[in-house]
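Chemist: Structure in structure tokens, see below.
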Amino acid sequence: MPLMTNKTDTASVWDLLESVCDPEIPVLTVTDLGIVRDIVLHPDGLLEVVITPTYSGCPAMNTIAINIKAALQEAGFDAVKVTTVLSPAWTTDWMSEAGRDKLRAYGIAPPAPGTVDKKALFQDDVMVPCPNCGAEDTRMVSQFGSTACKAMYKCNECLEPFDYFKCH
């Protein structure tokens, strides 16, 4: 059932985008991820949604663009364009707090706001709390997890493996 929106109100478009899920982490929406940069209603009736990928070359971005366009067309927007911009680069600081909570509940450790997890010379390892038991005694198993944007960790307390959404 299409949801008709006011075609001059970008707030209603933002509301619609809250239903478009990330295909790799389906508990997150494109608004949770913070990849929607702008919504432009052009005078000729074209609705443009500007997005930035979490990683350049992210394989999910094409599917996300298709899903954004489909959701908006189903809601009554005939002319929809999704534009990808790479600069400035996306950062995990753009993720919503609700998105971080959803990741944790899904069993993925969310990135800490305002951090960078690239190791520098003489820098301590990033402390990643276990999303399953909350323990802080965890270790990285692999820099790459189930997708390029995640690393694989293991909890030394509950012994469960888990993904960590890497900061950048």
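Just so you know, all these numbers are worked out from the coordinates, no wet-lab data involved. Not measured: the values here are computed from a predicted model. Don't worry about glycine lacking a Cβ; one is built from the backbone with ideal geometry, like all the others, and counts go over all protein chains shown.
Chemist: Can you tell me what share of the DSSP beta bridges in the chain is antiparallel? A percent to the nearest 5 is fine.
Modeler: For the chain, the DSSP antiparallel bridge percentage is about 70.
Chemist: Mind pulling the angle between the C-alpha long axis of helix 61-74 and the longest principal axis of the chain? Nearest 10 degrees, somewhere in 0 to 90.
Modeler: 40 degrees
Chemist: Full-extension gain between Phe144 and Arg37, please, as 0.36 nm times their residue separation minus the C-alpha to C-alpha distance.
Modeler: Stretched fully, the Phe144-Arg37 segment lengthens by 35.9 nm.
Chemist: Then there's this: Relative contact order, percent, of the chain when contacts are C-alpha pairs under 8 Å separated by at least 6 residues?
Modeler: Relative contact order, the chain: 18 percent.
Chemist: Still on this structure, I have one more. Peptides 70-77, 146-153: what's the order by average Cβ count within 10 Å, highest mean first?
Modeler: By packing density, highest mean first, the sequence is 146-153, 70-77.
Chemist: Stokes-Einstein diffusion coefficient for region 29-78 at 4 °C in a medium of 1.567 mPa s, Rh from the Kirkwood formula over Cα pairs: what value in µm²/s?
Modeler: It comes out at roughly 111 µm²/s.
Chemist: Relative to the longest principal axis of the chain, what angle (0 to 90°, nearest 10) does the C-alpha long axis of helix 97-106 take?
Modeler: Tilt of helix 97-106: around 60 degrees.
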